[in-house]
Amino acid sequence: MSQEIKITIWNEYRHEKTNDQVSSIYPQGMHSAIAEGLHGTSDKITIATLDDPEHGLSEAVLEQTDVLIWWGHMAHDEVNNEIVDRVYQRVLKGMGLIVLHSGHFSKIFKKLMGTSCDLKWREAGEKERIWVVNPGHPIADGIGEYIELPQEEMYGEHFDIPQPDELVMVSWFEGGEVFRSGCCYTRGSGKIFYFRPGHETYPTYYNPQIRKVISNAVKWAAPVKRDYPRYGHAEQPLEIIKGDNK
Ligand code: ZN
């Protein structure tokens with residue numbers, strides 16, 4: 001691979017330390033399972049967690065990140081607003097962001113969306129079938145008609161998000177609810193993908209198809225190579241302005 005995408009995986013990393021069920025599924029942390037799934041995509045993977053200094057997201061780390069993956073749940077409030085703003089500015093400047101599962105309530109996702117990002121949920125170990133509704137989309141590359149997860153937490157509509165620029169996947173749950181589970185946005189120069197599955201008590205991030213979606217999303221969200229747009233006073237015109245069109 002000539003130009004490897006530089007990925008940073010941000011994991012809150014609290015459930016794994018406090019819940020035996022979670023640590024038995026993800027003994028090295030959920031970030032390790034997510035990273036393992038990305039090894040065919042890029043080996044330039046940095047891990048950042050909530051309890052690291054600056055949550056592992058220093059200016060230098062973000063400057064070197066093409067795509068940031070975000071998993072958080074129980075400690076959204078502990079994420080420092082200054083760091084949230086730093087991530088926000090990087091997204092506007094072109095960094096890709098992939099928000100997973102309970103990251104729907106993270107400060108960064110809510111700030112980028114501008115809505116409550118609220119939804120319905122239920123923990124009943126029910127089946128989830130994630131349907132591809134946009135088969136030509138790069139994030140659906142190599143994915144069949146649907147992905148079936150034997151057990152997941154249910155997230156149901158209404159999901160209070162802005163209308164996605166592109167909707168790639170919709171989930172159906174055994175209990176009857178549906179949910180927009182693969183949503184694409186752009187904010188500034190940055191691309192954002194929200195991907196629903198990944199409750200901490202299920203081995204979802206070992207599923208090869210889930211890993212494929214995340215890998216496709218990383219490639220889709222990677223920044224394009226071009227200069228940052230110029231804004232503000234354009235004093236020097238490109239052409240001589242004769243001003244005789246009155
Ligand atoms: Zn969950």
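Each value in this text was obtained by applying a stated rule to the coordinates, not by laboratory testing. As the structure is a prediction and not an experimental result, all values here were calculated from the model. All Cβ positions, even for glycine, are placed from backbone atoms using ideal geometry, and neighbour counts span all protein chains on display.
Key figures for this structure:
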item: Note, ³J(HN,Hα) from phi for the range 218-234, Karplus 6.51, -1.76, 1.60, rounded to Hz, x at Gly and Pro; result: 4, 5, 5, 7, 4, x, 7, 8, 7, 5, 4, x, 8, 10, x, 4, 9
item: Listed residues 198, 172, 84: farthest to the positive end of the dipole of the chain (Cβ charges); result: 84
item: Magnitude of the charge dipole, the chain, Cβ model with Lys/Arg +1 and Asp/Glu -1, debye to 20; result: 800
item: Given 16 as the ceiling on other Cβ atoms within 10 Å, longest exposed-site-free region of the chain for GluC sites (Glu not before Pro) in DSSP loops; result: 5-144
item: Average Cα contact separation per residue, the chain, under 8 Å, 6 or more apart, as relative contact order %; result: 21
item: Surface/4 estimate of mean projected area, convex hull on alpha-carbon atoms of the chain, nm²; result: 16.9
item: Residues 154, 113 arranged by fewest to most Cβ contacts within 10 Å; result: 113, 154
item: Farthest positive-ward along the chain dipole, Cα basis, beta-carbon charges - from 236, 11, 70; result: 236
item: Unit charges on C-beta of K, R, D, E only; dipole of the range 1-126, Debye; result: 400
